[in-house]
């Protein structure tokens, strides 16, 4: 089947703000059967059965974030992408990002120009008025999110403009090769090409790399790929709305896939169907959103660095950002744990009530806090 004929529901998790709460288990059931009443129980297999649960918005969320949550749950921004072709979905995503980028540019005045690095297209974002002297020997590489399918161009600008404007530094947003037209390791190869070019101008301790969602995964993949290529490690890495595990769609029990509690708790809080405990009951994964990793070994350290202590031990200082109602939260927590065990300086920041890559809307106080954390992290970790 040719790419243009692939039609399916694209499961790209991008920008939905959601809120979080804890479940209190009242009893332990000795049988592995669902409860017959409204009391939450844990069966003999450790599976929590919660027949009814009402969760209010987090009391720690700003009023702006609460309003955003209600707006996007009532009118999901990517509703209607079922059975659409890749080009159509990319246009829908771009239409979503466009006002966010315009809003970012009104808050953080920047200059944007296109440039190719060893043939790889990218946007170069700098603060208006130029980069101050203290930051001229430093640069950030942004790798956009979008499930390895969408997000090129505008998606990267949404992630790059606030940080370039706030940190007063140059950010290079890379439009790496995506699926379904390409497969792993195409994106890692593109990032390495850009990195090699930058090493001609910048020292490796002065280069930072970051991304959200698939871009966060790719940031971890890239650091591992640099090791394979014998390249010096960058000065710092940011893994946002993600973990250092490759797959965010498959069964949580599969090595190299995002797992943990949040894979099960996040969907219902968005009004979505819960993920079945039995992976055999889950609908089959197919379509263009899974093509990029379709031939990759999810346990390979180049694909899922978090599974390799030896690979992680060579990572630079790492910042992880997530929210309590994001399906990536457990993967982020586990990645920070693995990095710490490997002896790496790893910071984890978790926003209560917030969801996947919540910080794209710069009007939210939580977003401004997140970008401030990023700016401070890279400023303190990168050399000059």
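The values are calculated or read from the model by the stated rules, or taken from the named source; none is laboratory data. All figures in this text were calculated on a predicted structure; none of them were measured in a lab. All Cβ positions, even for glycine, are placed from backbone atoms using ideal geometry, and neighbour counts span all protein chains on display.
Structure values in brief
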{"quantity": "All positions within the stretch 182-210 that are closer than 27 Å to residue 247 by Cβ and over 21 Å from the mean Cα position of the chain (by Cα)", "calculated": "193"}
{"quantity": "Checking residue 314 against (1) part of a loop (DSSP other than H, G, I, E, B); (2) without any contact (Cβ under 8 Å) to a residue 12 or more places away in the chain, the condition it does not meet", "calculated": "(2)"}
{"quantity": "Residue satisfying condition, being in contact with a strand residue (DSSP E or B) (Cβ under 9 Å, 6 or more places away or on another chain), under 16 Å from residue 237 (Cα atoms) and either free of Cβ contacts under 8 Å to residues at least 40 places away in the same chain or assigned to a loop (DSSP other than H, G, I, E, B) (or both), within set 344, 350", "calculated": "344"}
{"quantity": "Every residue from the stretch 240-263 that is surrounded by fewer than 24 Cβ atoms within 10 Å (Cβ to Cβ) and within 16 Å of residue 302 (Cα to Cα)", "calculated": "247, 255, 256, 257"}
{"quantity": "Hits in the stretch 59-71 - residues which are over 16 Å from residue 367 (Cα atoms) and either at pLDDT below 95 or surrounded by 15 or more Cβ atoms within 10 Å (Cβ to Cβ) (or both)", "calculated": "70, 71"}
{"quantity": "Test: residue in the stretch 116-130 that is assigned to a helix (DSSP H, G or I) and without any contact (Cβ under 8 Å) to a residue 40 or more places away in the chain", "calculated": "no"}
{"quantity": "Answer residue from the stretch 173-186, given it is touching a strand residue (DSSP E or B) at 6+ places or on another chain (Cβ under 8 Å) and farther than 23 Å from residue 373 by Cβ and is surrounded by the most Cβ atoms within 10 Å (Cβ to Cβ) among those", "calculated": "176"}
{"quantity": "Some residue of the stretch 248-271 being within 30 Å of residue 194 (Cα to Cα) and not in a loop (DSSP other than H, G, I, E, B)", "calculated": "yes"}
{"quantity": "Residues located in the stretch 88-115, provided they are in a helix (DSSP H, G or I) and free of Cβ contacts under 8 Å to residues at least 24 places away in the same chain", "calculated": "88, 91, 92, 95, 99, 102, 106"}
{"quantity": "Residues that are in a helix (DSSP H, G or I) and out of contact with any strand residue (DSSP E or B) (no Cβ under 8 Å at 6 or more places or on another chain), drawn from the stretch 273-311", "calculated": "279, 280, 281, 290, 305, 306, 307, 309, 310, 311"}
{"quantity": "Residues (touching a helix residue (DSSP H, G or I) at 6+ places or on another chain (Cβ under 6 Å) and either more than 20 Å from residue 241 (Cβ to Cβ) or surrounded by fewer than 17 Cβ atoms within 10 Å (Cβ to Cβ) (or both)) located in the stretch 370-384", "calculated": "382, 383"}
{"quantity": "From the options 89, 93, residue that is surrounded by 16 or more Cβ atoms within 10 Å (Cβ to Cβ) and in contact with a helix residue (DSSP H, G or I) (Cβ under 8 Å, 6 or more places away or on another chain)", "calculated": "93"}
{"quantity": "Number of the exception - residue 338 against (1) farther than 30 Å from residue 203 by Cα; (2) in contact with a helix residue (DSSP H, G or I) (Cβ under 6 Å, 6 or more places away or on another chain); (3) surrounded by fewer than 24 Cβ atoms within 10 Å (Cβ to Cβ)", "calculated": "(1)"}
{"quantity": "Any hit, the stretch 220-239, residues being buried (at least 24 other Cβ atoms within 10 Å of the Cβ), modelled with pLDDT of 95 or more, under 19 Å from residue 355 (Cα atoms) and within 17 Å of the chain's Cα centre (by Cα)", "calculated": "yes"}
{"quantity": "Residue 170 surrounded by fewer than 24 Cβ atoms within 10 Å (Cβ to Cβ), within 23 Å of residue 134 (Cβ to Cβ), touching a residue at least 24 places away in the same chain (Cβ under 8 Å) and out of contact with any helix residue (DSSP H, G or I) (no Cβ under 9 Å at 6 or more places or on another chain)", "calculated": "no"}
